[in-house]
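**Q** Starting off with a structure, shown below.
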Amino acid sequence: MSRGAERSAPLYRVIKWLVKVFYPKIEVVGAENLPPEPAVIVGNHTQMNGPIACELYFPGNRYTWCAGQMMHLKDVPAYAYQDFWSEKPKFTRPFYKLLSYLIAPLSVCVFNNAQTIGVYHDARIISTFKNTVKRLEEGASVVIFPENGEPYNHIITQFQDKFIDTAKLYYRKTGKELSFVPMYIAPRLKKMYLGKPIRFCAANPMDEERRRICDYLMTEITGMALSLPRHTVVPYRNIPRKNYPTNIP
């Protein structure tokens with residue numbers, strides 16, 4: 001039984017039920033590309049669509065990396081405003097600043113009850129990697145959305161590459177080379193596409209592996225997006241909807 005089924009608070013179960021009722025059902029395409037062993041699934045964030053789609057519809061047992069700030073009441077408002085709404089039109093920003101405080105209790109409830117692993121950018125990052133390896137050893141896959149906001153192309157932004165270090169730690173613990181699976185989420189098509197995996201090579205220098213695997217994942221995700229019928233791409237940044245790009249310009 002998953003952690004969510006065992007320990008989730010009643011309020012979280014109500015929230016999840018409501019989201020599932022009102023959020024469009026996402027079809028998973030390419031599930032046959034998932035390796036039989038636990039893997040790291042790497043996708044485009046699509047604002048909140050990526051985490052929601054994976055929490056509700058990703059096949060099999062999985063945990064999702066999430067911003068650790070969203071798990072702590074005092075940290076939510078500043079993080080939520082900066083990450084979600086700082087690029088909204090100026091006249092609407094006071095409303096979003098207020099909203100960032102209003103959502104804080106719900107955020108803490110959701111992110112501490114969903115199947116998540118908190119990600120930090122200070123000394124606590126050690127706990128992120130330890131928890132990730134632990135979940136992989138338990139047989140769960142781990143979903144990561146590593147975009148950092150710097151332009152890559154019109155589909156995705158650049159990936160932060162330190163998440164690849166999970167594979168090094170996992171190899172040290174198990175002697176197994178971890179696979180990374182590219183994922184493209186297209187909310188407007190109501191689909192989640194899973195591509196062919198790439199496997200970590202423990203014999204290669206770590207810097208080389210970070211670059212090799214990230215380049216492959218970004219290229220594959222872009223290729224999946226470009227191969228689909230013309231559709232609106234939900235970008236990483238929460239920009240005005242009129243500025244959303246399309247996969248085929």
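**Q** Under 20 Å from the Cα of residue 90, which aspartates and glutamates turn up, not counting those fewer than eight places away in the same chain?
**A** Partners found: none.
**Q** Only Cα pairs under 8 Å and at least 6 apart count here; give the relative contact order of the stretch 68-130 as a rounded whole percent.
**A** 41 percent
**Q** Let me ask something else. Let me know the charge dipole size of the chain about its Cα centre in debye, to the nearest 20, where only the beta-carbon of Lys, Arg (+1) and Asp, Glu (-1) is charged.
**A** Roughly 720 debye, rounded to the nearest 20.
**Q** Please list, ordered by chain and number, the residues whose modelled amide H lies under 5 Å from the amide H of residue 46; skip anything fewer than 5 residues away on the same chain.
**A** Hits under the 5 Å cutoff: 236.
**Q** Only bridges whose two residues both fall in the chain count here: according to DSSP, what percent of them are antiparallel, nearest 5?
**A** 35 percent
**Q** Quick check for you: with a 1.4 Å probe and neighbouring chains kept, what is the accessible area per residue of the chain, in Å²?
**A** 51 Å²
**Q** Limiting things to C-alpha atoms, what are the Rg and the maximum Cα-Cα separation (Dmax) for the stretch 64-111, in angstroms?
**A** Final numbers for Rg and Dmax: 10.7, 34 Å.
**Q** Another question, then. With the cut-off at 18 Å, report for the stretch 97-240 the share of all Cα pairs above it, as a whole percent.
**A** It works out to 65 percent of all Cα pairs.
**Q** Given that compact globular proteins tend to follow 2.2 N^0.38 Å, what is the ratio of the alpha-carbon Rg of the stretch 166-249 to that value?
**A** Against the empirical 2.2 N^0.38 Å value, I get 1.35 for the stretch 166-249.
**Q** In nm, to one decimal, how far is the modelled label at residue 203 from the one at residue 27, with both set 7 Å along Cα→Cβ?
**A** It works out to 4.2 nm between the two label points.
**Q** What's the extension gain from residue 93 to residue 153 if we count 0.36 nm per residue and subtract their Cα-Cα distance?
**A** Net length gain for the segment: 18.8 nm.
**Q** Computing the accessible area with a 1.4 Å probe over protein heavy atoms, can you report the carbon and sulfur percentage for the chain?
**A** Here it works out to 58 percent.
**Q** Mean 1/r over all different Cα pairs, inverted: what Kirkwood radius does the stretch 125-183 give, in Å?
**A** 12.6 Å
**Q** Considering the options 216, 146, 116, tell which one lies farthest towards the positive end of the dipole of the chain, charges being +1 on Lys and Arg and -1 on Asp and Glu at the Cβ, about the Cα centre.
**A** 116
**Q** Follow-up question, since we're still on this one. So for the stretch 10-64, what percent of the C-alpha to C-alpha distances run longer than 17 Å?
**A** 43 percent
**Q** Separate question: Based on the Kirkwood radius over alpha-carbon pairs, what value in µm²/s does the Stokes-Einstein equation return for the translational diffusion coefficient of the stretch 24-118 at 37 °C and 0.692 mPa s?
**A** The Stokes-Einstein estimate is 219 µm²/s.
**Q** Still on this model: What ranking of 230, 93 comes out by heavy-atom accessible area, probe 1.4 Å, highest first?
**A** From most exposed to least exposed: 230, 93.
**Q** I need the phi-derived Karplus couplings for the stretch 81-98: 6.51 cos²θ - 1.76 cosθ + 1.60, θ = phi - 60°, integer Hz, Gly and Pro marked x.
**A** 5, 5, 7, 9, 10, 5, 9, 5, x, 4, 5, 9, 5, x, 4, 6, 5, 4
**Q** Check which residues have an amide H placed less than 5 Å from residue 34's amide H, if you skip close sequence neighbours.
**A** none
**Q** What distance in nm lies between label points placed 7 Å from Cα along the C-beta direction at residue 238 and residue 20?
**A** 2.6 nm
The values are calculated or read from the model by the stated rules, or taken from the named source; none is laboratory data. Since the model is a prediction, treat every value here as computed from it, not as a measurement. Reconstructed Cβ throughout: ideal geometry from the backbone, glycine too, with neighbour counts over all protein chains shown. What goes into the accessible areas is simple: the full protein's heavy atoms, side chains included, and nothing from ligands, DNA or RNA. Shrake-Rupley method; radii C 1.70, N 1.55, O 1.52, S 1.80 Å.
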